[in-house]
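Read the structure below first, then the notes.
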Amino acid sequence: MIPENVSDLQRCLKETGYICGEETVLTVFLALQLQKPLLIEGAPGVGKTEMGKALSRALNMELIRLQCYEGLDENKALYEWNYQKQLISIQLSRELQKEHLSENDLFTEEYLMERPLLKAIRADQKVVLLIDEVDKCDHEFEAFLFEVLSDYQVSIPEMGTTEARNIPVVILTSNSERELSDALRRRCIYLYLDYPSPQREAEIIKQRCPQVGEELAESVSRAVEVLRRDEKIQKRPSIAETLDWVNALVELNRNELSPTLVENTLNLVLKSHRDQQVFHQETGAHKLLEQV
């Protein structure tokens, strides 16, 4: 069920644990109402993929996910024929001395293997189709994807054209590793997600980790913001890593950050040796806490 207004959608998302601003919710709401794909860009870890998952839960719809990667082709995304099963059927037909199987006998629903795109188009109920990291696929597949999303129909040569029974809620995410085509962008409603402010991240922490104290939630969110502002750190901490850090502190029964605690748990938010070295050389735990 699609919420009737922006406030209802924001409430539904919050109930799933996804907290975002009104401007973000408004964009998502318009994409739902206009039945247009939503293209979400932003740095890794800002909540792009989680938006698709949260919408699936908030709308009570099945989530179908297509993970993009270099070399992804139509067969892996749309459908494949179960050749092994076809060969077994041919062999059984010969052994049992049945009539010779024709091509029409072998290219039927029984042998069709649905991949994410076809599964979403043929679904009996409306679903959320999450096309994750679309910037990782090549231009040829992007053009094919644009064609599918334009008409919401696919052609299977052996079976004919299949039109969508219900237009899916489509979420595309991109880390901006390469520039997407203008044609795909024109087809979508665009949303850019940035890292949340310390205040909003503290709210996310309290929502997802209700056992954490307010003071610790605010301290951690401000500390993470300091790390993200450091341009020398290559992999900035994601929201998920912030939550991991908080959960670890709760497990250690700590209510506040200390220099020693920061040093001992730094590997939960900085996931490369280089970034940890940069932190020790440029900032250090004491200086970090001074800025918090």
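The values are calculated or read from the model by the stated rules, or taken from the named source; none is laboratory data. Predicted model only: the values in this text are computed from it and were never measured. All Cβ positions, glycine included, derive from the backbone under ideal geometry; neighbour counts span all protein chains shown.
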Failed item in (1) surrounded by 15 or more Cβ atoms within 10 Å (Cβ to Cβ); (2) farther than 22 Å from residue 269 by Cα, with residue 186 passing the rest:
(1)
For residue 240, indicate whether it is in a helix (DSSP H, G or I), touching a residue at least 40 places away in the same chain (Cβ under 8 Å) and closer than 26 Å to residue 50 by Cβ.
yes
Can you find even one residue in region 6-13 that is within 25 Å of residue 151 (Cβ to Cβ) and either outside the structural domain of residue 225 (by TED's automatic domain parsing) or in contact with a helix residue (DSSP H, G or I) (Cβ under 6 Å, 6 or more places away or on another chain) (or both)?
no
Cβ-Cβ under 8 Å pairs, at least 6 apart or on other chains, region 259-285 side in contact (Cβ under 8 Å) with a residue 40 or more places away in the chain, far side surrounded by 13 or more Cβ atoms within 10 Å (Cβ to Cβ) and among the acidic types (Asp, Glu)
269/241; 269/244; 278/230; 279/230; 282/230; 283/230
All helices (runs of 4 or more DSSP H) inside region 121-215 with 1 or more residues being touching a residue at least 24 places away in the same chain (Cβ under 8 Å) and more than 22 Å from the chain's Cα centre (by Cα):
198-208
For the condition in the same structural domain as residue 126 (by TED's automatic domain parsing) and without any contact (Cβ under 8 Å) to a residue 24 or more places away in the chain, what is the one hit in 72, 32, 59, 26?
26
Being of a type in the set (Val, Ile, Thr) and either in a loop (DSSP other than H, G, I, E, B) or not assigned by TED's automatic domain parsing to the domain that holds residue 205 (or both) is the filter here; which residues of region 243-269 pass it?
269
